[in-house]
1. Among the residues of segment 186-214, which ones are hydroxyl-bearing (Ser, Thr, Tyr), surrounded by 15 or more Cβ atoms within 10 Å (Cβ to Cβ) and either farther than 15 Å from Val233 by Cα or modelled with pLDDT of 95 or more (or both)?
2. Scan (1) outside any loop (DSSP other than H, G, I, E, B); (2) under 28 Å from Glu34 (Cβ atoms); (3) not aromatic (Phe, Trp, Tyr) for the single condition Gly227 breaks and write down its number.
3. Checking the condition more than 19 Å from the chain's Cα centre (by Cα) and free of Cβ contacts under 8 Å to residues at least 60 places away in the same chain, which residue from Ser153, Ser184, Ser176 passes?
4. May I ask you to list pairs of residues, at least six apart or on different chains, whose Cβ atoms are under 9 Å apart, with the first in segment 227-242 being not assigned by the TED database to the domain that holds Asp118 and the second being polar (S, T, N, Q)?
5. So which residues in segment 31-62 are touching a residue at least 60 places away in the same chain (Cβ under 8 Å) and either basic (Lys, Arg) or not in a loop (DSSP other than H, G, I, E, B) (or both)?
6. Is at least one residue of segment 206-215 assigned to a strand (DSSP E or B) and on the phi > 0 side of the Ramachandran plot?
7. May I ask you to list the residues in segment 156-173 that are within 16 Å of Ile86 (Cβ to Cβ) and without any contact (Cβ under 8 Å) to a residue 12 or more places away in the chain?
8. Enumerate the pairs (first residue in segment 201-224 and in contact (Cβ under 8 Å) with a residue 60 or more places away in the chain; second residue anywhere and β-branched (Val, Ile, Thr) and surrounded by fewer than 18 Cβ atoms within 10 Å (Cβ to Cβ)) with beta-carbon separation below 6 Å, excluding pairs fewer than 6 apart on the same chain, so at least 6 apart or on different chains.
Amino acid sequence: MKEDRIFLGKIEDKIKGASEKYMLTYSDFLDPHEHSVASNYIREKGRFDVDIVFFGGYEDAERVIMFCLPDYISINDASKDVLKVIRVRTKEGGKALRHGDYLGSLTGLGVSRGKIGDILVNEDGADIIVSSEIVEFLMTNYAKAGRKYLSLSEHELSELKLPGNNKLTVKDTVASLRLDNIVSSAFGLSRAKAQEAIKRGIVFVNSLEQTKTDVQIDEGDKIVLRGKGKVLVKEIGNRTRKDRIFMEFERYI
């Protein structure tokens, strides 16, 4: 895809800049597809003169930044400077704002999507991970989302409020360890719907986009289906008398 080639050119520039100038460089926030494209490129190229780390402010963040780190700087130190948390609280009661309300109001202000990380919605408002470049602008200009007025405060990543992980254990049997079978079972979809989702490029295994339905899944794999959540393949068990495989998933809801 032309868009991916252009994107990879930017990724190459970041890595080259860090290597040649021996300095920290980093990308904008990457969506899961961009993360997958960049990860595949890095894996294919092999070793680099700098460490390359994908991080979005917390473990398993959906939107991440690619950090190119010389050996004198750690990911903890780099992320403290690059990433900040904007804590948003609504000033009125009523119906809680949704993820789309916050995202729409931010982009409506002209904020680039690449400067906005994960938006973690909670009962009182949301913690929004952003590039430090836009903090001052947001603190001055971000006042309303949906029909509600907002109060804002700036925080460090260490103060990020993560939503409680509500986990659902799913036990099932599958005919094989093909990705389409696993997605169908873990997310409660028909196999046809699972295949469609995979071919659309909205299924990710261990942060890598997978578009082939017959990819084999292993115990410990993390599978994300955009719009539906994520599952951990917790256990691959023995076969039944009908030659099906016992499976146990941990689904985050």
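1. Within segment 186-214, just Thr213 meets the criteria.
2. (1)
3. So the residue among Ser153, Ser184, Ser176 that is more than 19 Å from the chain's Cα centre (by Cα) and free of Cβ contacts under 8 Å to residues at least 60 places away in the same chain is Ser184.
4. Close Cβ pairs satisfying both conditions: Lys234/Thr169; Gly237/Thr173; Arg239/Thr173; Thr240/Thr173; Lys242/Thr173.
5. Those that are touching a residue at least 60 places away in the same chain (Cβ under 8 Å) and either basic (Lys, Arg) or not in a loop (DSSP other than H, G, I, E, B) (or both): Pro32, His33, His35, Ser36, Val37, Ser39, Asn40, Phe54.
6. First, the residues of segment 206-215 that are assigned to a strand (DSSP E or B): 208-209.
Those still in the list that are on the phi > 0 side of the Ramachandran plot too: none.
Within segment 206-215, not a single residue is assigned to a strand (DSSP E or B) and on the phi > 0 side of the Ramachandran plot.
7. Within segment 156-173, Ser158 is the sole residue that qualifies.
8. Close Cβ pairs (under 6 Å, with a partner that is β-branched (Val, Ile, Thr) and surrounded by fewer than 18 Cβ atoms within 10 Å (Cβ to Cβ)) amount to Gly201/Thr211.
The values are calculated or read from the model by the stated rules, or taken from the named source; none is laboratory data. Since the structure is predicted, the reported quantities are computational estimates derived from the model, not experimental observations. In this analysis, Cβ positions are derived from the backbone assuming ideal geometry, glycine residues included, and neighbour counts consider all displayed protein chains.
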